[in-house]
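Presented below is the structure to which this report refers.
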Amino acid sequence: MAGKKIETAPARRGRPRAYDAEAALKQATDTFWRTGYSGTSLDSIAAATGMNPPSLYAAFGNKHALYLEALARYWEISLAATHEALAEDRPLAEALMLAYDAALSIYFSGKGSARGCFVLGTAVAESVEDAAIRSSVAQGLRKIDADFEARFRAARERGELKPDADPEALALLASATMHSIAIRARAGARRTELREFARKAVSVICGRKVEAD
């Protein structure tokens, strides 16, 4: 992998201290989210998790392996939230707004300023040279597109969209809206402003005005 320095594990001494793997992964994710992959050192992760470097290596491997695990966990949480929001037992506009609300809850989940999407904020820059990160990003984006497309196909069949509606094109528009919200959150936009942005996008996608609630 060109241009990257992979940290190698030091010799392990003694038995690693007991740790809570889920809590440690969350704390490591928060650290990556704040300073990015390249800007995060193993020492800063050790400080955040309360684990010494040998214990981190024993639990997760090197920094790259730990980051990939954090990225996979983020995808698991965010994709599940989107999938649940797009349930077919809800009207289309309501389902879309729930999906964007779920995303906003994640983007504004940090302390202090909004941190946006973990993928866009940390993985996209690395994906140019890192095949493993690039693969994770691409797979996650395809899953988001697929969930939106499936919901639009169901909506067309139920008469919520015009018969000539293009579910694939609408899915790309819906996904792009989510990405734009994430970027704007990272840039300091207010949550209320971003929710209004989402409402306007849903109005365009659904072909009718969606009233603010």
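The values are calculated or read from the model by the stated rules, or taken from the named source; none is laboratory data. Since this is a predicted model, take the numbers as computed values, not measurements. FYI the Cβ positions are ideal-geometry reconstructions off the backbone, even for glycines, and counts take in every protein chain you see. Ligands, DNA and RNA are stripped out before the accessible areas are found, and what is left, the full protein with its side chains, is counted by its heavy atoms. Shrake-Rupley method; radii C 1.70, N 1.55, O 1.52, S 1.80 Å.
Values as computed for the structure displayed
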quantity	calculated
Cα-based Lys proximity count in the chain, under 18 Å, for pairs eight or more positions apart or on separate chains	6
Nearest 10 degrees, 0 to 90: helix 21-35 Cα axis against the chain principal axis	80
Surface share of carbon and sulfur [accessible, 1.4 angstrom probe, percent] for the stretch 52-106	56
Stokes-Einstein diffusion coefficient of the stretch 70-193, Kirkwood radius over Cα pairs, 4 °C, 1.567 mPa s, in µm²/s	86
Added length on full extension, which subtracts the Cα-Cα distance from 0.36 nm per residue, LEU173 to ASP101	24.3 nm
Estimated FRET transfer efficiency (ASN52, LEU79; beta-carbon r; R0 35 Å; 0.05)	0.60
Per-pair calculated FRET efficiency, R0 = 45 Å: ASP166 and VAL124 via Cβ, rounded to 0.05	0.95
Pairwise label distance in nanometres, LYS209 with SER109, each label 7 Å out on the Cα-Cβ vector	3.6
Folded to 0 to 90 degrees: helix 167-186 orientation relative to the chain principal axis, Cα	50
Accessible area of the chain divided out per residue, in Å², using a probe of 1.4 angstrom	53
Burial order of peptide ranges 68-80, 33-45 (average beta-carbon count within 10 Å, highest first)	68-80, 33-45
Pair ILE183, ASP20: separation of 7 Å Cα→Cβ label points (nm)	3.7
Packing-based order for 189-202, 97-110, using average beta carbon neighbours within 10 Å, highest first	97-110, 189-202
Hull volume in cubic angstrom per residue (convex hull over the Cα atoms of the chain)	123
Rounded D (µm²/s) - the stretch 45-134, Kirkwood Rh over Cα pairs, Stokes-Einstein at 20 °C, 1.002 mPa s	141
